[in-house]
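Colleague: The following block contains the structure, expressed as structure tokens.
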Amino acid sequence: MTLFTKSLSSLILLGALLSGGAAVAGEPAPDFSLRDINGKEVSLSSHKGKVVLVNFWATWCGPCKLEMPHLDKMDRELEAKGFEVISISTDDARAASKVKPLIKRGGYGFTVLLDKDTSVVSQYNPAKTLPYNVLIDREGNIHKVFQGYNPGDEVELRHEIEALLGSGS
Amino acid sequence: MRSLLAVLALGLSGPAHALELWGTGPLANASVQLTVDSELRYHNTALDDPGKRISGGPFELIPSMAVHDYFEQVGRFNLLIAKDDLNIGLQFDEVALFSNRYVLDGREQVTTPLYESTVQSPFDDSYFLLEKMFVSKKWDTVELTVGDTYASFGRGLALNIVKNTDIDVDTSIRGAKGIFRTGNFDLTAISGITNQQQISQENPNVAIAPNVDHMVSGARAEWFGPVNLGAHAVAYKFARPTELPLAVSASRYSSDLDVGIVGANIEANGVLGLDVYGEYALYDYRAADMADGEDRLRGWATYGSVAAYPGKAVVLLEAKASKDTERLTTFTTLEGWEPASIPTLEYERVITEDGSAAVNSNDIMGTRLRVDYAIVPGMFTPYVATTLLIDKDTEGLHFNDSEETILHPMAGLEWQRGHWAAQFNAGMRTDKRKDTAEGSDRMMHVDGTFHLPLFGEEALEIDIDAKKFEWGVNEQQQEDFLEMANALVWHRGEKWVFVLYQDWTDNPLVQSEGNLQFIGENVYGALEAQFKPSGNITYKAFYGAYKAGIRCSGGQCRSLPGFEGARVSVNGVF
């Protein structure tokens, strides 16, 4: 029995290693409702018809803060074409007072939601890899997932967003 | 086992085939997302023994490996099925050890026991667990979750049970949670038994303990208007170490409560250009073993913050005070998590040895002021900050046996231009004791990340982190020490990353040894290659060692073990 279970473990690892390439693309994005930093309720489903980038971040996450100016630029420049960034802070309650000052000092204009009890990030991104971006098309389906950020990654992200905006889907 | 096979099938076949599993039933055309984290580790213990190794299965590939070396394979599979307003989630964890047994003098020995004798598993060196599961359904004004869920009220003074993967802590509440939301009003109710993550994803799994069932119930009402108002109540009943590990969860509901907490908060945004928040919580301990032997003991906590935005500056002032609040963690500290705590007001990245003084205390008050000045908003922002804490708690795990005044000024900046970027923080913390004969503890720290574009898509990243400790006189008297954790990262295009890690510590309390003894006995080094063929999957291969140490995140601190050996891992979203 032990040999069987160990072999099964090996098989799971092997399966995980070989299963690359099959993205979550095309799946409907799970809906959620959260309060923004001013207390207003915002749900994902109310943005249907727009291309949406759901961005998970935290105040302590360095790469997240580097990515934010680029997300804000895309949000402002592509808004007229039907694009919107929904940014979700995954900071727990104890850091909630730091979220709005960080947004203010960057002058960011995108929507910022608080996921203080980690209920939404637990569904979309259980490993809480940050930053974590989910690009959603106008029909509410997941187009692509982006994990992590390094300077320059915003080029590919913008390319994907513009392609999605231009495709009419 | 059926769920295991289903997950295995999904992992091997991908979502296109997974959809067919649901046929034309109620879950037809449901969205299926599978997140995979799987890792194989080779633990180099540097310990040998005259015994003879027992064959350890398919991963035993190194004939000359030492008897105490072993392999560990750990996997986590999160499956989310979503259709319309219905979400179903499953988290399946598994771990197996290989080559952790040998024969000495004719008797079988175990070098690394996977779990304690009180854990029920049909397998000797492998453990499978449906760690989390939930079903949530959303209607117009009601959202109901049954199974594993999380909850946080206010700023976490009364209840803050959330996923904290930063330090490999994931305790959920297994029960039911309901949210009634209409216009400006939210009502949340939750009740259940805590479900602590048993299989660690980031850290070695040794002597896994059974889950300990603590009961948590609470309710919170919030009204959002020109001023946001909230009120909540939480009740706890904790399991005791003397109880049977598999005690019936339901008994927590039938026995007297250990702690009741009531709290309220007020928040005003944009009033006179200020964002103001205030919260107060009252703790009522009703168990003698949490109330210093008394029948009843009261504790309290308060936290407040004010943010102002004059011109290009952002000013954040936070303050807190609390008395007898850490008693709440009496029975969960050893399990490595806390059901609630007050914001630390500290720069948690530098808390290591004396973390308890600022993070957890039964008698503490303090304030933190941070001023950012956005010279170019989002691109260049320096800041200064100062924390001042007075810690009167001299019991428990604290290093101080007299009142301490903690002063921690620091400064830093965030800067980026094109693909160049720098994030830098530095400061000095002084823990000054009231009894001057005991002197002061001092810690100087610096950390930073620097991105340097090279040519084409090539880029370098330099990460530095250093802390120098100088200790005063106390019962845990120890030598001054220096700790460093640095990395040199080469980004080769979008797909490849190569990392050279270098740690250093001469902290006498650290339970690990450097692997680069030829350079110095306190030097650790490691290499890692990362391959990201697409945005949704990352492969990593690591060889070398890193040091042990305490790490804090979100007000919780955990002592993390060091590691020496090799690991290959995959993380993907499918």
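Colleague: State the extension gain, in nm to one decimal, for the chain segment bounded by B:TRP490 and B:LYS52, taking 0.36 nm per residue of separation less the distance between their alpha-carbons. It would help to have the intermediate numbers written out before the result.
Modeller: Details: separation 438, 0.36 × 438 = 157.68 nm, distance 4.21 nm.
Residue separation times 0.36 nm, minus the Cα-Cα distance, leaves 153.5 nm.
Colleague: With the Cα gyration tensor of chain B giving a ≥ b ≥ c as the square roots of its eigenvalues, does the rule (a/c under 1.5 for rounded; else a/b larger than b/c for prolate; else oblate) give rounded, prolate or oblate? Please report the intermediate quantities before stating the final value.
Modeller: Values: a/c = 1.28, a/b = 1.11, b/c = 1.15.
It is rounded, given that a/c, with a ≥ b ≥ c, falls under 1.5.
Colleague: Using the basic label-point model (7 angstrom from Cα toward the beta carbon), what is the B:ASP140 to B:SER64 distance in nanometres?
Modeller: Distance between label points: 7.4 nm.
Colleague: Another one. Near B:GLU143, within a Cβ-to-Cβ distance under 9 Å, what is the net charge of the other residues, with Lys and Arg +1 and Asp and Glu -1? Working shown, then result.
Modeller: Details: positive: B:LYS137, B:LYS138, B:LYS177, B:ARG181; negative: B:ASP85.
Local net charge: +3.
Colleague: How do B:LYS83, B:LYS320 rank when sorted from fewest to most other Cβ atoms within 10 Å of their own Cβ?
Modeller: B:LYS83, B:LYS320
Colleague: Given axes a ≥ b ≥ c from the Cα gyration tensor, I'd like to know whether the protein assembly as shown is rounded (a/c under 1.5), prolate (a/b larger than b/c) or oblate. Mind dumping the intermediate values first?
Modeller: On the way: a/c = 1.18, a/b = 1.03, b/c = 1.14.
It is rounded, given that a/c, with a ≥ b ≥ c, falls under 1.5.
Colleague: So between B:PHE424 and B:LEU460, what do we pick up on full extension, going 0.36 nm a residue minus the alpha carbon distance?
Modeller: Working: separation 36, 0.36 × 36 = 12.96 nm, distance 1.63 nm.
Value of the extension gain: 11.3 nm.
Colleague: Working out 0.36 nm times the residue gap between B:VAL473 and B:LEU388, then minus their Cα-Cα distance, what length gain in nm do you get to one decimal? Walk me through the intermediate numbers first.
Modeller: Values: separation 85, 0.36 × 85 = 30.60 nm, distance 2.12 nm.
Contour length minus the Cα-Cα distance gives 28.5 nm.
Colleague: Mind checking which lysines have their Cα closer than 26 Å to the Cα of B:LYS83? Skip sequence neighbours fewer than 8 apart in that chain.
Modeller: Partners found: A:LYS40, A:LYS48, A:LYS50, A:LYS116, A:LYS128, A:LYS144, B:LYS132, B:LYS137, B:LYS138, B:LYS163, B:LYS177.
Colleague: Kirkwood Rh, region B:112-200, all Cα pairs: how many Å? Let's see the in-between values first.
Modeller: On the way: mean 1/r = 0.0658 Å⁻¹.
It works out to 15.2 Å.
Bear in mind that the values in this text are calculations on the coordinates, not laboratory data. Keep in mind that what you see is a predicted model, and the values were worked out from it rather than measured. Please note: Cβ atoms are built from the backbone with ideal geometry, for glycine as well, and neighbour counts cover all protein chains shown.
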